[in-house]
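Peer 1: Here it is, the structure, as structure tokens.
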Amino acid sequence: MIDNPTFNWWMKECNTASFKPVLLALVAEFKTEFKALNKSTAPDSRVLFENLDTGYKLEIDTSIQDNQFHPDNFGGAGEIFHKDGHLAILFFASLAQRINEVPDLAEKLTLCDEQGEQISLNDWSDLKIEIKRMGFNPNTTRIDAEAIGFVDAIIRLDQLVTNEPKMFF
């Protein structure tokens, strides 16, 4: 196993009219659901996603730097380290899931590891493998993945509480 694994993303230039609404809707959902994220919704803000706990930022900017989308064509690339937290990976897994449902956006987002090996994050089993590889707790990530709708919620029967007498024998 590699000492410092990374999760990398690359977004090919695309039709902004198709991509921007998908991206902004996902950003809004993440900001609503997760307390660790900066809630700023200033219309002129370049920051799409900022994890206040880890410092990871995803921005829209014309400069060519890691973890930025270009405002004219939404092309961009970046790298996520363990220190950046699992929410950044969950964000890109959710983004990949959503843009693959839009015909002219499918296959525009590439996800890979530090050696350039492509990563597929189509479902929980794929995401769980990546989360473990990056050194995160799959149980914590599963709860967050349920909250954002990446996966269906598990009904945890052991956590159901009722005041009615049990009818099992």
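Throughout, read-outs are computed from the coordinates displayed, never taken from laboratory work. From a predicted model like this one, the values you see are computed outputs, not experimental measurements. Ideal geometry is used to build each Cβ from the backbone, glycine not excepted, and the neighbour counts take in all protein chains shown.
Peer 1: Return the percentage of antiparallel bridges among DSSP beta bridges fully within the chain, rounded to the nearest 5 %.
Peer 2: Within the chain, antiparallel bridges account for around 90 percent of the total.
Peer 1: Over the Cα atoms, compute the radius of gyration (one decimal) and Dmax (the largest Cα-Cα distance, rounded to a whole number) for the chain, in Å.
Peer 2: Reported Rg and Dmax, both Å: 17.7, 67.
Peer 1: Same structure, new question: Please compute the length gained on full extension between V22 and D104, using 0.36 nm multiplied by the number of residues separating them and subtracting their Cα-Cα distance.
Peer 2: So the extension gain works out to 28.3 nm.
Peer 1: Same structure again: Can you give the charge dipole size of the chain about its Cα centre, rounded to the nearest 20 debye, using +1 on the beta carbon of Lys and Arg and -1 on the beta carbon of Asp and Glu?
Peer 2: 420 debye
Peer 1: With contacts defined as alpha carbon pairs under 8 Å and 6 or more residues apart, what's the relative contact order of the range 72-159 in percent?
Peer 2: 27 percent
Peer 1: Now for a separate question. Are any of the pairs K57/K83; K12/K35; K31/K108; K20/K108; K35/K83; K12/K128 more than 21 Å apart by Cα-Cα distance, and if so, which?
Peer 2: Among K57/K83; K12/K35; K31/K108; K20/K108; K35/K83; K12/K128, the Cα-Cα distance tops 21 Å for K12/K35; K31/K108; K12/K128.
Peer 1: How far is helix 138-148 tilted, in degrees, relative to the longest principal axis of the Cα atoms in the chain, given as a value from 0 to 90 rounded to the nearest 10?
Peer 2: With rounding to tens, the tilt is 80 degrees.
Peer 1: Among I89, G75, I99, flag the residue with its Cα farthest along the positive direction of the charge dipole of the range 6-159, charges on Cβ as +1 for Lys/Arg and -1 for Asp/Glu.
Peer 2: Value: I89.
Peer 1: Quick check: from the Cα gyration tensor, does the range 39-101 come out rounded (a/c under 1.5), prolate or oblate?
Peer 2: Working: a/c = 1.37, a/b = 1.10, b/c = 1.25.
Judged from the Cα gyration tensor, the range 39-101 comes out rounded (a/c under 1.5).
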